[in-house]
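Take a look at the structure below.
The values are calculated or read from the model by the stated rules, or taken from the named source; none is laboratory data. All values reported here derive from a predicted model rather than from experimental measurement. For neighbour counting, all protein chains shown are included, and Cβ atoms are generated from backbone atoms with ideal geometry for every residue, glycine included. Ligands, DNA and RNA are stripped out before the accessible areas are found, and what is left, the full protein with its side chains, is counted by its heavy atoms. Shrake-Rupley method; radii C 1.70, N 1.55, O 1.52, S 1.80 Å.
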Amino acid sequence: MTPHDEVLVPVMVFLALLLVIGLYAGRSLGRSGDFDRDYFIANRSLGGVVLAMTLVATYGSVSSFVSGPGLAWKLGFGWVVFAAPQIITGFLLLGTVGKKLAVIARRTGSLTVIDILQARYGSRALSVLLALVMIVFFTAMVVGQFMGGAQIFAAITGLDYKLGLLLFAAVTVIYTSSGFRAVVLTDAVCAVLMLTGMATLGWTIITSGGGMEGIMSTLSSAGIGESGRSSFLTPDAGGALPYTLLFSSWLLVGFCTVGLPQSLVRCLSYRTTADLSRAMVVATVICGALMIGMTLLGVLSRGTILEKPAAGTDAVIPLLIVNHMDPLLAGITIIGPLAATMSTVSSLLIAASSAVARDLWRQVFPARPDSAENSRKSHRVVSITVTLALGAVSVLLALYPQTIVVWVNLFAFGGLESAFLWPVVLGLFWPRMNARGALAGSLAGLGLYTVLMICGVNLWGFHNIVFGVLAGLVFSILGAVTGPKVDLAVMKTFFPHRL
């Protein structure tokens, strides 16, 4: 058996396991009495641990294993400070909006985030706008994930980039077409394997770098600036990370993640309040360990890889795996970034599918009371077809990547937050919020954020998410106070205690 074969053995076992899980979930879906509810939110059946794991796997992506640690190798502990807000994401999401979203979803029969926003605002324009935002940004993010995963797969296994892409992309799209239950079950497996990959990588870095003492000695003597201190040991990376940018990170990867629709939908799928409370604790611990752990390993890898790789900082982790691990252990470790890629892609695909098959389709072809059965059958066909089609389009774009798609992927995260944050948060907690405010806030926030990113504007070192979110808040309030009052029926559903 060649070294490349040894690397592939654990990877092929992993892919086969995901297909088995998808087959199991698909059989369960086939027996379901309510296809839409099972396909999009697993019949509201998630336990606390599974809910936590699927949240962690959704937040973790290929960049958590490649780009993030690569930047940490370059910038030092300052990048750990930048990544630190990710610790709060699971706790914040579930603790602030989790319970109310679940209650409202059950009260209104909602299966998607846009379902809830439609019930809250009754605005067809807002629903169509947000559905299109999801489709465009999610597709771009899926392409970016496929490209990153295929590149690290090719670098470590020695296989052709396109072959690796087709292999793991096909597995991801196939099991995702079995619905949300398949997504969350595979997410749970992926989260465990991501932690396993981090542990094996950590052991390799510490042993190859001469232990913690040797690594810290290397870091202390590198990047010495005019102050006589190593920039790798300062929170602002010697000025490379302005404090205004570090503040921005608390919005971009911290508080504003409450507005990410691929995470919000998890709040609609748990069983009981006890499961929600358990998930808050588990998600905080696991998310902190994984997100901060991988970033920290990127810093420590400076003790092993002393010079910047010719292919750039994204090559740091692949080089560590290829050059400092035996093939079998390398095969186990590569599952970590592949699991991160696949779990993120599956979450995005199922959410994008819901945006097309449920949100847009319903606006264009509203169900008639006398054709409920035909409507259910068409939803089943459309949902699965859309999932497969979006996956196929993403694979084709990743096979022949275009610069514009890659660029869109870079700001899609912030774009989703700019569009969704205030319609969701103010809609849930401010009775005065109305459709005019939600539409104005989404358009202003997303519009300003997009323009600033396109023009490459950088004001005082802040990330442009700060200005997008502020614009969205201002226009949401202006639209709400100048618009009509909220209907009594909506008040009874969303704010019965205020009546």
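The residue that is nearest to the chain's Cα centre (by Cα), counting only those in segment 46-66 that are open to solvent by less than 40 Å² (accessible area, probe 1.4 Å) and among the polar types (S, T, N, Q), is T58.
One residue stands out in segment 137-186 among those that are over 23 Å from M325 (Cβ atoms) and not in a helix (DSSP H, G or I): the one that is least open to solvent (accessible area, probe 1.4 Å), namely G179. Enumerate the pairs (first residue in segment 417-442 and in a loop (DSSP other than H, G, I, E, B); second residue anywhere and crowded, with 24+ Cβ neighbours inside 10 Å and among the polar types (S, T, N, Q)) with beta-carbon separation below 8 Å, excluding pairs fewer than 6 apart on the same chain, so at least 6 apart or on different chains. As it stands, the answer is M433/S476, since those pairs meet every condition given.
For the residues L219, L193, L233, L241, the requirement of being touching a residue at least 40 places away in the same chain (Cβ under 8 Å) and either in contact with a strand residue (DSSP E or B) (Cβ under 8 Å, 6 or more places away or on another chain) or basic (K, R) (or both) singles out L219.
Checked across segment 232-243, the condition of being modelled with pLDDT of 90 or more, touching a helix residue (DSSP H, G or I) at 6+ places or on another chain (Cβ under 8 Å), open to solvent by 10 Å² or more (accessible area, probe 1.4 Å) and among the small types (G, A, S) holds for no residue. When we screen L297, L306 for residues that are touching a helix residue (DSSP H, G or I) at 6+ places or on another chain (Cβ under 8 Å), open to solvent by 50 Å² or more (accessible area, probe 1.4 Å) and not polar (S, T, N, Q), the only hit is L306.
Would you check if A84 is in contact with a Gly (Cβ under 9 Å, 6 or more places away or on another chain), in a helix (DSSP H, G or I) and of a type outside the set (K, R)? Spelling it out, A84 is indeed in contact with a Gly (Cβ under 9 Å, 6 or more places away or on another chain), in a helix (DSSP H, G or I) and of a type outside the set (K, R).
Every residue, every condition in (1) among the β-branched types (V, I, T); (2) under 20 Å from the mean Cα position of the chain (by Cα); (3) closer than 26 Å to F411 by Cα, yes or no:
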| residue | (1), (2), (3) |
| --- | --- |
| L126 | no, no, yes |
| L129 | no, no, yes |
| V136 | yes, yes, yes |
| V143 | yes, yes, yes |
| M147 | no, yes, yes |
| L165 | no, yes, yes |
| T172 | yes, yes, yes |
| S177 | no, yes, no |
| L185 | no, yes, no |
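For segment 456-499, filtering for residues that are open to solvent by less than 90 Å² (accessible area, probe 1.4 Å) and either under 25 Å from the mean Cα position of the chain (by Cα) or within 30 Å of A412 (Cβ to Cβ) (or both) leaves 22.
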